[in-house]
1. In the range 108-145, what residues are among the small types (G, A, S), part of a helix (DSSP H, G or I) and free of Cβ contacts under 8 Å to residues at least 24 places away in the same chain?
2. Against the definition (closer than 30 Å to H180 by Cα, part of a helix (DSSP H, G or I), open to solvent by less than 30 Å² (accessible area, probe 1.4 Å) and among the small types (G, A, S)), how does S148 come out, yes or no?
3. If I filter the range 97-107 for residues that are open to solvent by less than 30 Å² (accessible area, probe 1.4 Å), in a helix (DSSP H, G or I) and within 14 Å of N154 (Cα to Cα), do I get at least one hit?
4. When you scan the range 171-184, do you find a residue that is under 14 Å from L83 (Cα atoms) and either within 14 Å of the chain's Cα centre (by Cα) or of a type in the set (S, T, N, Q) (or both), even just one?
5. Looking at (1) free of Cβ contacts under 8 Å to residues at least 24 places away in the same chain; (2) in a loop (DSSP other than H, G, I, E, B), can you tell me which one S42 breaks?
6. From L61, L20, grab the single residue that is under 14 Å from L251 (Cβ atoms), open to solvent by less than 100 Å² (accessible area, probe 1.4 Å) and part of a helix (DSSP H, G or I).
7. If you go through the range 203-243, how many residues are open to solvent by 60 Å² or more (accessible area, probe 1.4 Å) and closer than 27 Å to T153 by Cβ?
8. When you check L83 against the structure, is it within 30 Å of V155 (Cα to Cα), open to solvent by 80 Å² or more (accessible area, probe 1.4 Å) and assigned to a helix (DSSP H, G or I), yes or no?
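The values are calculated or read from the model by the stated rules, or taken from the named source; none is laboratory data. Just so we're clear, the structure is a prediction, and the values are computed from it rather than from any experiment. Cβ placement follows ideal geometry from the backbone for every residue including glycine, while neighbour counts extend to all protein chains displayed. Accessible surface is based on the protein model in full, side chains and every heavy atom, while ligands, DNA and RNA are left aside. Shrake-Rupley method; radii C 1.70, N 1.55, O 1.52, S 1.80 Å.
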Amino acid sequence: MNRKPEEAAKTIGSYALLILLSFISLFPAIWIVMSSFKTGNSLFSDTLIPHKLTLVHYQELFEQTKYLQWFLNTLKVAALSTLIGTSLLLLASYAISRYRFAGRKSMLTAFLVLQMFPGFMAMIAIYVLLNTLGLLNSHWALVLVYSSGSIITNVFVAKGFFDTIPKSLEDAARIDGASHMKVFLSIMMPLSKPMLTYASLMIFNGCFVDFIFADLILRTEEKRTLAVGLFRMVNQSNSTEFTLFAAGAVLVALPVTLLFIFLQRFLIEGLTAGAMKG
């Protein structure tokens, strides 16, 4: 009988903590969304919901800036990086999971060590390399770096997922005369849909919102991505268009948010299945 009040108190405390953490996490996003509908160009407001709502900042975003061009650039880079990066990730993780070859353990150890260091530590070396290859101010430079880097960040989840698929399925297909590539394309690929969705979404999201590396590589306005373009717009010495920046930030988050919502089921399946083994 004495435990019931204690359990009730713990439950209430847990929910109160969750509500507080949710409020802390959501408040900045809600503030930006509300600021994008506010008149004027200042983010400061004495109320969370503006007294007067307007869509003029969204209109100005397309009329006074190259937002549409920045969006198309970002979409191109993210889509190509996702396609190439996911293909490389699937091939690499499948080979590591299913085959035993010299240097396999050393490769996994190297991937693990590389994950411990932030990506921007290699930016100077990558910049020099891209400059030597003549790829500065090129979207292909971003695609090459993003797609190759996706292997390091996602290989353990993908390998863990392939480890959960019974090898008996492959053995049965090989008995029927299927080649290694046929087994991979006809059996492993359909079964890896949850992990494939997870990896693709992670790669796309990372490419879509990246700022530091894109700002380092891209030089001209017509080549800029969304993050770089919005930063340059608001970082000008005479710029005070903070509500215009807020409108741009809302539109940046919209595609990724919709993808997460519609692919949430596959996202959870891919993450949990890939974490079982490995």
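1. Listed by number, the residues that qualify are A110, A122, A125.
2. The answer is no for S148.
3. Checking the range 97-107: at least one residue is open to solvent by less than 30 Å² (accessible area, probe 1.4 Å), in a helix (DSSP H, G or I) and within 14 Å of N154 (Cα to Cα).
4. No, that holds for no residue.
5. (1)
6. Numbers: L20 fails: under 14 Å from L251 (Cβ atoms).
Among L61, L20, only L61 is under 14 Å from L251 (Cβ atoms), open to solvent by less than 100 Å² (accessible area, probe 1.4 Å) and part of a helix (DSSP H, G or I).
7. Total satisfying the criteria: 6.
8. yes
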